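Shown next, in structure tokens, is the structure this report addresses.
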């Protein structure tokens, strides 16, 4: 069968055009291998490294056994807390779960008679899947303590187990997922649009005209990025309105704090898009560069997979991701009311990231001009 010469010519032309640029070859062949390796190591849906703490009473050996068995199971790690209030420990993100015995202690409570021992478990349910797994783990550990340490049947009612779910009492998946989707949409809009701003001028040949005009480099960069900051912020109330009124996501924190946090995040993502735009020559490269950043950023943000499950190296990479900080802030503001320690520390990191990216973009832009 003879090939169509015209068709063959078009195919050769497209291959040559797509592969002639070394940057495009890197995006097409090297980047997928790196991302598959990254996600194969980093992503796991297993729930582990749950930060657990407890409030012991003197000589409360049963509660101590429960806590020690939880740590030895490999599912839990000790939480580093700065307050004795279990609710504050959950609210400020120091612990994922807290074991709270009765005032006289769990051991003494059990000794008062059948069914008198009561143990309360406080769980942060802003992540529904993690909360459900934590409950299942603690129940299995309680059954092991009853059988091994107290020599009772696992079905015994010597210990009454009470679970209190915080920040998502109905265990709705939407309450966990919607803030993450909000963060992802803002990130998508700002990075993809901004990443093509300067590369569009390069591709159409108008970049030289802009450079030769009597403008300063900072005026040109600000003029190319400010519209996308405004567009990104204009989407915040729209997305927030859908989340609150359509999906019933609670809004317990300050709207002013939320919008200020969103503004810092938008400025940071626009700076990322600007850097991508400066480093690329065509809109196609800019779009692929944007997706090359966005895909791992979304996967490593804690949107779908817990950061605690990742190896230390991957976790360090995840904390270089601005989406990680904004997602945690958004959930904290909407579901917990906004803890000032969490909001302040995360905003500070985003400001550092945005400043570093802006300075880098400005220096590279001046280098390209010269």
Margin query: Filter segment 340-358 down to the residues that are in contact with a helix residue (DSSP H, G or I) (Cβ under 8 Å, 6 or more places away or on another chain) and more than 15 Å from residue 260 (Cα to Cα) and list them by number.
Written below: 353, 357, 358
Margin query: Conditions first: (1) assigned by TED's automatic domain parsing to the domain that holds residue 87; (2) closer than 30 Å to residue 220 by Cα. Residue 162 passes all but one, so which condition is the exception?
Written below: (2)
Check: Filtering segment 123-137 down to residues that are in contact with a helix residue (DSSP H, G or I) (Cβ under 7 Å, 6 or more places away or on another chain) and crowded, with 21+ Cβ neighbours inside 10 Å, which residue is modelled with the highest pLDDT?
Finding: 123
Check: Which ones in segment 74-93 are within 21 Å of residue 144 (Cβ to Cβ), surrounded by fewer than 18 Cβ atoms within 10 Å (Cβ to Cβ) and at pLDDT 85 or above?
Finding: 77, 78
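Test residue 238 against the stated conditions and say whether it is surrounded by fewer than 16 Cβ atoms within 10 Å (Cβ to Cβ), farther than 30 Å from residue 106 by Cβ, modelled with pLDDT of 75 or more and not assigned by TED's automatic domain parsing to the domain that holds residue 93. Lay out the reasoning, then the answer.
Working: surrounded by fewer than 16 Cβ atoms within 10 Å (Cβ to Cβ): yes; farther than 30 Å from residue 106 by Cβ: yes; modelled with pLDDT of 75 or more: yes; not assigned by TED's automatic domain parsing to the domain that holds residue 93: yes.
So residue 238 passes the test.
Sort out which residues of segment 46-63 are over 21 Å from the mean Cα position of the chain (by Cα) and at pLDDT 85 or above, and write them in order of number. Break it down into steps so the answer makes sense when it comes.
Filtering segment 46-63 down to residues over 21 Å from the mean Cα position of the chain (by Cα) leaves 53-63.
Passing the criteria: 53, 54.
Let's see how each residue does on (1) surrounded by 19 or more Cβ atoms within 10 Å (Cβ to Cβ); (2) part of a loop (DSSP other than H, G, I, E, B); (3) out of contact with any strand residue (DSSP E or B) (no Cβ under 6 Å at 6 or more places or on another chain); (4) at positive phi:
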| residue | (1), (2), (3), (4) |
| --- | --- |
| 278 | yes, no, yes, no |
| 281 | no, yes, yes, no |
| 290 | yes, no, yes, no |
| 301 | yes, yes, yes, no |
| 315 | no, no, yes, no |
| 320 | no, yes, yes, no |
Next item on the list: Report, by residue number, each residue of segment 144-167 that is surrounded by 13 or more Cβ atoms within 10 Å (Cβ to Cβ) and either farther than 19 Å from residue 101 by Cβ or modelled with pLDDT of 80 or more (or both).
Entry: 144, 147, 167
Next item on the list: Determine if segment 243-250 includes at least one residue that is loosely packed, with under 14 Cβ neighbours inside 10 Å, in a helix (DSSP H, G or I) and assigned by TED's automatic domain parsing to the domain that holds residue 363.
Entry: yes
Next item on the list: Just give me the residues in segment 55-82 being in contact (Cβ under 8 Å) with a residue 60 or more places away in the chain and either part of a loop (DSSP other than H, G, I, E, B) or under 16 Å from residue 101 (Cβ atoms) (or both), in sequence order.
Entry: 62, 65, 66, 69, 70, 73, 75
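The values are calculated or read from the model by the stated rules, or taken from the named source; none is laboratory data. Remember, predicted model here, so these are calculated numbers, not experimental data. We place every Cβ from the backbone using ideal geometry, glycine too, and count neighbours over all the protein chains shown.
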